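Since every read-out is calculated from the coordinates, none of them should be taken as a lab result. Because the structure is predicted, anything quoted here is derived from the model rather than measured. Glycine gets a Cβ as well: all are built from the backbone with ideal geometry, and neighbour counts include every protein chain shown.
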Amino acid sequence: CSMALFYGGIFFSGAITAFFLFAAFYLLNIGDAGTARRNAHTLAGVCMALSIMSDYYAAVGAAALLVYAVAGPSKARGGVSEEVSQQPEPGLFLNTSRFAAPVGFCLTIPLLLLYNYHLFGNPFDTGYHHSYLAMSLHSKGFYGIVAPSLDGLKRLYSALFSRWGFFFTNMPVLFSIVYFHRFAKFRREAAVIIIMLAGYLYMNTSLGWD
């Protein structure tokens, strides 16, 4: 029994979205130099695109992972030694593992655009525009994401510290924060986590995303 069990019985994208984002991060940190790493990074890019296809909310995490893929993992990470990670990879631009993830992402995300075009007649239109809550929740700003405000800070406080807030329903996160300093040697990975957290906290200040 786990938290994923509840979502396994209903049509809800949270579990599968989290799976694709975690799979992308994992794939960016495996494989030796050469073809194996390029293939893993390409598949990671595919997973990033699939996460967005299952939930637009995942765009924050996918964007952070794409930057992480191009920058490359920290030298202190496990899996690939520092000596191996520093070896230059032969080949053209598209054959390097550093850009394999963006290539995999760009090859997969057009499926979402094709889906939107087929349903709405515009590849950049989304279902949010056709929701009965569109005018009340997503009409302002960028799909409902607006500049920070006092009301937004109140929504964020409620999302974090209310009875059903994040910290009271996800107690293991508190222990993760306490021991986060031990993760400092993995600077790029830590930066990805901080960027994701900041991005999602910012989205929760906007009406319709809290």
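Listing for the model above:
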item	result
Sites Leu160 and Tyr132, calculated FRET efficiency, Cβ-Cβ separation with R0 35 Å, nearest 0.05	0.80
Inter-probe distance in nm under a simple model that places probes 7 Å from Cα toward Cβ, at Leu201 and Arg182	2.3
Added length on full extension, which subtracts the Cα-Cα distance from 0.36 nm per residue, Ile194 to Cys106	29.2 nm
Peptide ranges 114-121, 50-57, 185-192 listed from the most packed, as the mean C-beta count within 10 angstrom indicates	50-57, 185-192, 114-121
